[in-house]
Amino acid sequence: MTAKFLAVYETPADPPEFDRHYRAVHVPLARQLPGLRRFTLSRDVSGVRGSPYHLIAELEWDTIADLRAAFASPEGRATASDAARLAEMAAVRSMVFVTEEIL
């Protein structure tokens, strides 16, 4: 099993500024999260229904306890603070879940 954090961003009003901030500020903060095993970004995501999304970020830890500890850390608080700035630039939905590999 793996614990994941997923953030789905709608198209921002100023995509170039959002992308600049995300890459220059948010990614370096998130990469410092304790225990982070994997961090992937998906771009130009088309929804099956509705509008396309601008960006999906997927962060992965070994356990849900590791994920929670990461977000409770000073690095996690700094990342969350910057995420609030990003949420001003683009609507975002986020979720935490545990995956189980079937195949």
Q | Check on residue 8, within 30 Å of residue 102 (Cα to Cα), in contact (Cβ under 8 Å) with a residue 24 or more places away in the chain and either of a type in the set (A, V, I, L, M, F, W, C) or surrounded by fewer than 15 Cβ atoms within 10 Å (Cβ to Cβ) (or both) | A | yes
Q. On the given criteria, is residue 38 among the charged types (D, E, K, R) and either in contact (Cβ under 8 Å) with a residue 24 or more places away in the chain or in contact with a helix residue (DSSP H, G or I) (Cβ under 9 Å, 6 or more places away or on another chain) (or both)?
A. no
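Mind checking whether some residue in the range 60-70 is in contact with a Gly (Cβ under 6 Å, 6 or more places away or on another chain), in a strand (DSSP E or B), free of Cβ contacts under 8 Å to residues at least 60 places away in the same chain and surrounded by 15 or more Cβ atoms within 10 Å (Cβ to Cβ)? Break it down into steps so the answer makes sense when it comes.
Kept after step one, since they are in contact with a Gly (Cβ under 6 Å, 6 or more places away or on another chain), are these residues of the range 60-70: 61, 66, 70.
Restricting the remaining residues to those that are in a strand (DSSP E or B) gives 61.
Subset that is free of Cβ contacts under 8 Å to residues at least 60 places away in the same chain: 61.
Those still in the list that are surrounded by 15 or more Cβ atoms within 10 Å (Cβ to Cβ) too: 61.
Yes, some residue in the range 60-70 is in contact with a Gly (Cβ under 6 Å, 6 or more places away or on another chain), in a strand (DSSP E or B), free of Cβ contacts under 8 Å to residues at least 60 places away in the same chain and surrounded by 15 or more Cβ atoms within 10 Å (Cβ to Cβ).
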Q. Looking only at the range 1-59, which residues are part of a strand (DSSP E or B), at negative phi and in contact with a Pro (Cβ under 8 Å, 6 or more places away or on another chain)?
A. 45, 54
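Computed from the coordinates by the stated procedures, all read-outs in this text should not be read as laboratory data. What you see is a predicted model, and the numbers here were worked out from it, not measured in a lab. Every residue, glycine among them, receives a Cβ derived from its backbone with ideal geometry; neighbour counts consider all protein chains shown.
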